[in-house]
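**Student:** Supplied in structure tokens, the structure appears directly below.
The values are calculated or read from the model by the stated rules, or taken from the named source; none is laboratory data. This structure is a prediction, so every number in the text was calculated from the model and none was measured. All Cβ positions, glycine included, derive from the backbone under ideal geometry; neighbour counts span all protein chains shown.
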Amino acid sequence: MSKELFFKTQYEPDENGHFGEFGGRYVPELLMPVLIELEQAYKKAIQDESFLADIKKVFKNFVGRPTPLHYANNLSDELGGARIYLKNEGQAHTGAHKINHCVGQALLAKRMGKKRIIAETGAGQHGIAAATVAAKFGFSCTVHMGAVDAKRQAPNVFWMQQLGAEVKIVEHGTKTLKDAVTSALQDWIGDPAESYYLLGSALGPHPYPMMVRDFQSIIGIEVSEQIQEYIGENKKPDYLVACVGGGSNAIGLFNAFLDDPEVHMIGVEAGGRDVTKPGEHATRLANNSKVGVIDGYKSYFLQDDQGNVESTHSISAGLDYAGIGPEHAYLHSVGRVEYTSVSDEEARAAFTKLSRSEGIIPALESAHAVAHALKLAPELSSDKNIVVNISGRGDKDLFIVNEKLNAKINN
């Protein structure tokens, strides 16, 4: 277990929660004092050694950190070029990186005297993690989930319910993650005193993007230590690759390396079926998104000419979101991180490729990062090293992948 928990960089938000022009808190007046209280409680907590000790203890004994960094020798040998390493967050308790910020926020909510957890989820992994920490730390829990996502991630709905959470199915709008976020915020507005909104990615109003980034930064901190076992003391990876929906797993991997200009970072968005057609993809930074203020923060969003949020599509529920975290928007604007996209079909093919090459079945979200690494590695020399964040395991995507494979066979 790493001695460090957080890694502060030159890319910190200002006192109002802005990363450059992005971020901030644009919320109903009722929630402004709640967010200020949360920020103050968080800043006080991370200066408290007992709070940090509690997180470390739960990370080690409950989450199962550190998660492994695996050298994908079969895949690397087959592709040629750079060596590929897999940071396997799927080995964490509940099967994804989401448990990291859920543990941190749950311990903060307990410290603040809250009684109930409110969460939103798309792929369901955040919902499971939120329901898990609610059960462990004694909170009641309501998880908001779009009807489309609930259908395609049915196993995760079942597990949330078994953990004692109420799963509130959202039937309005696109019935996906953006509508689940809206529903969860409305729930919180109705009960801000007793409830803690356990936000599921590095987005939303300040201080959430900062907090989630900090709790997830353990991923990159571990990688910085683990990679040295493979390539030598004081060595570092040349490339970091992670999928980007809201942005929590990616910023968790990137954060420890942001101040090092020699480490190249690539965020991979959902190219869906067609990046040229509205509603057929979810590329915010690798396409022509517009800056807007939605869901309490300022960032890039997929919007039409009237400023309405456009529908999105991805084979992976966790990347099917019209916005992106404000720190990612800022890192894109200053050119620190490269953002690209891969298609549904490329992600599905990468899912199968990694499963059969390394015996690791990735979540479809993570398969987007794998797909880009499959293209990148052969272009690089053999002395280069790529770390890919496998943000979750793929058992939750059984029905989606099975449906796609059967359709391909039948056609």
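**Student:** Could you list, in sequence order, the residues of region 91-108 that are in a helix (DSSP H, G or I) and either in contact (Cβ under 8 Å) with a residue 40 or more places away in the chain or not hydrophobic (A, V, I, L, M, F, W, C) (or both)?
**Tutor:** Answer for region 91-108, where residues must be in a helix (DSSP H, G or I) and either in contact (Cβ under 8 Å) with a residue 40 or more places away in the chain or not hydrophobic (A, V, I, L, M, F, W, C) (or both): Gln91, Lys98, Asn100, His101, Cys102, Val103, Gly104, Gln105, Ala106, Leu107, Leu108.
**Student:** Can we say Ile36 is surrounded by 14 or more Cβ atoms within 10 Å (Cβ to Cβ) and over 30 Å from Ser355 (Cα atoms)?
**Tutor:** Values: surrounded by 14 or more Cβ atoms within 10 Å (Cβ to Cβ): no; over 30 Å from Ser355 (Cα atoms): yes.
Criteria not met by Ile36.
**Student:** Just one of Gly307, Gly335, Gly318 is more than 19 Å from Tyr239 (Cβ to Cβ) and either part of a loop (DSSP other than H, G, I, E, B) or not assigned by TED's automatic domain parsing to the domain that holds Gly279 (or both); which is it? Working first, answer last.
**Tutor:** Numbers: Gly335 fails: more than 19 Å from Tyr239 (Cβ to Cβ); Gly318 fails: either part of a loop (DSSP other than H, G, I, E, B) or not assigned by TED's automatic domain parsing to the domain that holds Gly279 (or both).
Residue meeting the stated conditions: Gly307.
**Student:** Could you count how many residues in region 160-186 are in a helix (DSSP H, G or I), modelled with pLDDT of 95 or more and of a type outside the set (S, T, N, Q)?
**Tutor:** 1
**Student:** Of the residues Leu258, Leu253, Leu199, Leu240, which is more than 19 Å from Tyr11 (Cα to Cα) and touching a residue at least 60 places away in the same chain (Cβ under 8 Å)?
**Tutor:** Only one candidate qualifies: Leu199.
**Student:** Oh, and also: Go through the residues of region 340-356 one by one and say whether even a single one is surrounded by fewer than 24 Cβ atoms within 10 Å (Cβ to Cβ), in a loop (DSSP other than H, G, I, E, B) and assigned by TED's automatic domain parsing to the domain that holds Gly247.
**Tutor:** no
**Student:** Here is a check on your reading of the model: is Val263 more than 30 Å from Pro207 (Cβ to Cβ), touching a residue at least 12 places away in the same chain (Cβ under 8 Å) and hydrophobic (A, V, I, L, M, F, W, C)?
**Tutor:** So Val263 does not fit the description; no.
**Student:** Right, something else. Cβ-Cβ distance below 8 Å, separation of 6 or more or different chains: which pairs start in region 369-381 with a residue that is in the same structural domain as Ile315 (by TED's automatic domain parsing) and end on one that is hydroxyl-bearing (Ser, Thr, Tyr) and in a loop (DSSP other than H, G, I, E, B)?
**Tutor:** Partner pairs satisfying both residue conditions: Ala369/Ser391.
**Student:** Might you check whether a residue that is over 20 Å from the mean Cα position of the chain (by Cα), over 21 Å from Ala129 (Cα atoms) and at pLDDT 95 or above occurs anywhere in region 319-326?
**Tutor:** No, region 319-326 contains no residue that is over 20 Å from the mean Cα position of the chain (by Cα), over 21 Å from Ala129 (Cα atoms) and at pLDDT 95 or above.
**Student:** Moving on to the next point. So Leu285 ticks every box in (1) touching an Asp or Glu at 6+ places or on another chain (Cβ under 7 Å); (2) crowded, with 24+ Cβ neighbours inside 10 Å but one. Which box is left unticked?
**Tutor:** It is condition (2) that Leu285 fails.
**Student:** Looking at region 344-357, I want the residues that are over 16 Å from Leu86 (Cβ atoms) and have a partner that is in a helix (DSSP H, G or I) and modelled with pLDDT under 95 with Cβ atoms under 7 Å, at least 6 apart or on another chain. Which pairs are those?
**Tutor:** Filtered contacts from region 344-357: Arg348/Val401; Arg348/Lys404.
**Student:** Out of all the residues in region 129-138, is one or more surrounded by fewer than 22 Cβ atoms within 10 Å (Cβ to Cβ) and among the polar types (S, T, N, Q)?
**Tutor:** Within region 129-138 (the criterion being surrounded by fewer than 22 Cβ atoms within 10 Å (Cβ to Cβ) and among the polar types (S, T, N, Q)), the answer is no, since none of the residues qualifies.
**Student:** So which helices (runs of 4 or more DSSP H) stay within region 196-272 end to end and still have 1 or more residues that are of a type in the set (Asp, Glu) and either closer than 23 Å to Tyr26 by Cα or outside the structural domain of Ala282 (by TED's automatic domain parsing) (or both)? Walk me through it before giving the result.
**Tutor:** Values: elements: 208-216, 218-226, 228-231, 248-254.
In region 196-272, the matching helices (runs of 4 or more DSSP H) lie at 208-216.
**Student:** Can you find, within region 248-272, the residue that is surrounded by the fewest Cβ atoms within 10 Å (Cβ to Cβ) among those that are touching a strand residue (DSSP E or B) at 6+ places or on another chain (Cβ under 7 Å), within 23 Å of Asn287 (Cα to Cα) and not aliphatic (A, V, I, L, M)?
**Tutor:** His264
**Student:** Return the only residue of Val293, Val401 being out of contact with any His (no Cβ under 9 Å at 6 or more places or on another chain), more than 25 Å from Gly220 (Cβ to Cβ) and part of a helix (DSSP H, G or I).
**Tutor:** Val401
**Student:** Another question, if that's okay. Looking only at region 75-115, which residues are touching a Lys or Arg at 6+ places or on another chain (Cβ under 6 Å) and surrounded by fewer than 24 Cβ atoms within 10 Å (Cβ to Cβ)?
**Tutor:** From region 75-115, those touching a Lys or Arg at 6+ places or on another chain (Cβ under 6 Å) are 76, 82, 90, 95; that's our starting set.
Passing the criteria: Ser76, Ala82, Gly95.
This table checks each residue for (1) touching a strand residue (DSSP E or B) at 6+ places or on another chain (Cβ under 8 Å); (2) of a type outside the set (Lys, Arg); (3) assigned by TED's automatic domain parsing to the domain that holds Asn156; (4) in contact (Cβ under 8 Å) with a residue 12 or more places away in the chain.
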| site | (1), (2), (3), (4) |
| --- | --- |
| Pro33 | no, yes, yes, no |
| Glu49 | no, yes, yes, no |
| Gly80 | no, yes, no, yes |
| Arg83 | yes, no, no, yes |
| Asn88 | yes, yes, no, yes |
